[in-house]
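Worksheet for the structure shown next.
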Amino acid sequence: MFDVVIVGAGPVGLYLGALLLQEGLSVRILEKRTEPSQHSRAIGIHPPALRALERAGVAESMVAEGVRIPLGVARRGGREVAKLSFAQATATWPFVLSLKQARTEAILAARVAALDPAALVRGMCVTSLHDAGTFVTLAGHHRGDAAATFQARLVIGADGARSTIRKLANIPTTGRDYPDTYLMGDFPDSGRDGAAAVLHLEPGGIVESFPVPGGLRRWVVHTDSLLAGATATDLAALIEERTGARVDPAANSMLSAFGVRSTLATRMVAGRIALLGDAAHEISPIGGQGMNLGWLDAAALAPIIVAALRGERTGKRLQLFERQRRQASRRASRQAWLNMALGRAYPTSFLHVLHAILRPIFRLRRVQNLAVRRFTMHGLDGRG
Ligand SMILES: Cc1cc2nc3c(=O)[nH]c(=O)nc-3n(C[C@H](O)[C@H](O)[C@H](O)COP(=O)(O)OP(=O)(O)OC[C@H]3O[C@@H](n4cnc5c(N)ncnc54)[C@H](O)[C@@H]3O)c2cc1C
């Protein structure tokens, strides 16, 4: 019987595992993959998440490995439309950090292993769950065939957007698919934008580019449809056509086409089971908030778990947790929707008028402060 079993060793499950192990709890993190995923989805880590990661003793390693993005620039036709400095985000973390998700997960997994080398169980796919009222039994198969069961006083579903735990706990979701589709890839950084994040607001649709460790730049391009079979040459051509920037397709190190969905679980807590991260809410990647939001869920839930296992009454704290985290998720979704809407393909004349209106507004200090706070996820950790 473990205190807590976490299903899913993505960034959120690993982070929660580290926080709970630090408190001396007995924890198992069950992960169906036998090897860590090398597919890097998230790169952006925002200041409130860095503050939370500091609690698990991993922020420093991440900052040491990542690239600090101190500002974001919006351009159209090569001309600057707006510029945001993240310097005022917080005194400690005056930047957004860029680090590939695979490295982020590796740093978190190393922290978990340092706290308890047996905590992470790879190759364990959970397929069934029974909440007996005072404990929960999870069953599944280990490394393909061996049947295995785990019992825990509490179970956390951090098993991603298609969460098995959410389905087994009969928690419905609400949400929708968006019409937006994107093509994304990493190339050696041969431009002059350095550590800046750049948004090219072009009539054919937005082109975003971000620095990535290792002298790379990640390019994300809005496309008319899902270009599942596209090549690095296709992506390079789209980037050049819309922005004039040239990237070398032969040196491409990651390529992915994706569509966008937003879902929200109707509850995050059911009996002895709680959902965190993408299992509870899937947010559009445009704006880069999903992983960060999941960490902030975990940071809020960890002390409640510790208190509950000590026998304290936590009903009211759990209700508040659920309300605040679902609110944060809805706010992040609205922000992501705005980011996607601004990046769609529009006629040149419309963009011209839109930017003529936005440019003076964006020069106002109060507007800039608000935009920086929104972009850097200020307040999504429940600190107001
Ligand atoms: C293109 C793209 C770019 C993104 N960029 C950003 C960004 O810059 N910043 C940001 O904050 N977010 C970003 N995101 C979102 C981010 O990747 C996710 O929000 C994040 O991975 C969610 O973490 P998680 O731990 O909740 O779930 P996941 O990362 O999905 O991890 C879930 C884990 O559970 C395991 N699992 C699933 N089912 C079972 C089972 N039955 N038994 C055992 N294990 C199981 C899976 O194998 C997986 O390892 C991006 C997403 C995409 C697609």
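The values are calculated or read from the model by the stated rules, or taken from the named source; none is laboratory data. Computed from a prediction, not measured in an experiment: that's the story for all the values here. Note that we place each Cβ from the backbone using ideal geometry, even for glycine, and neighbour counts take in every protein chain shown.
With the condition kept exactly as written, say whether any residue in the range 256-263 is in contact with a helix residue (DSSP H, G or I) (Cβ under 8 Å, 6 or more places away or on another chain), under 23 Å from Leu293 (Cβ atoms) and of a type outside the set (Ser, Thr, Tyr).
Yes, the range 256-263 has at least one match.
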statement: Scanning the range 262-289 residue by residue, those more than 10 Å from the ligand (Cβ to nearest atom) and either modelled with pLDDT of 95 or more or on the phi < 0 side of the Ramachandran plot (or both) turn out to be Ser262, Thr263, Leu264, Ala265, Thr266, Arg267, Met268, Val269, Ala270, Arg272, Ile273, Ala274
- request: Look through Ala345, Ala356, Ala332 and report the one residue that is touching a residue at least 40 places away in the same chain (Cβ under 8 Å) and assigned to a helix (DSSP H, G or I).
  value: Ala332
message: I'm trying to understand the selection: among the residues of the range 103-157, which are of a type in the set (Lys, Arg) and part of a loop (DSSP other than H, G, I, E, B)?
response: Arg143
message: For the range 230-268, which positions are buried (at least 19 other Cβ atoms within 10 Å of the Cβ) and β-branched (Val, Ile, Thr)?
response: Ile239, Thr243, Val247, Val260, Thr263
field: Residue ID - nearest to the ligand (Cβ to nearest atom), chosen from residues in the range 1-35 that are surrounded by fewer than 20 Cβ atoms within 10 Å (Cβ to Cβ) and outside any loop (DSSP other than H, G, I, E, B)
entry: Phe2
- request: Report the residue count in the range 181-224 for those that are at pLDDT below 95, within 15 Å of the ligand (Cβ to nearest atom) and either in a loop (DSSP other than H, G, I, E, B) or not assigned by TED's automatic domain parsing to the domain that holds Ala250 (or both).
  value: 1
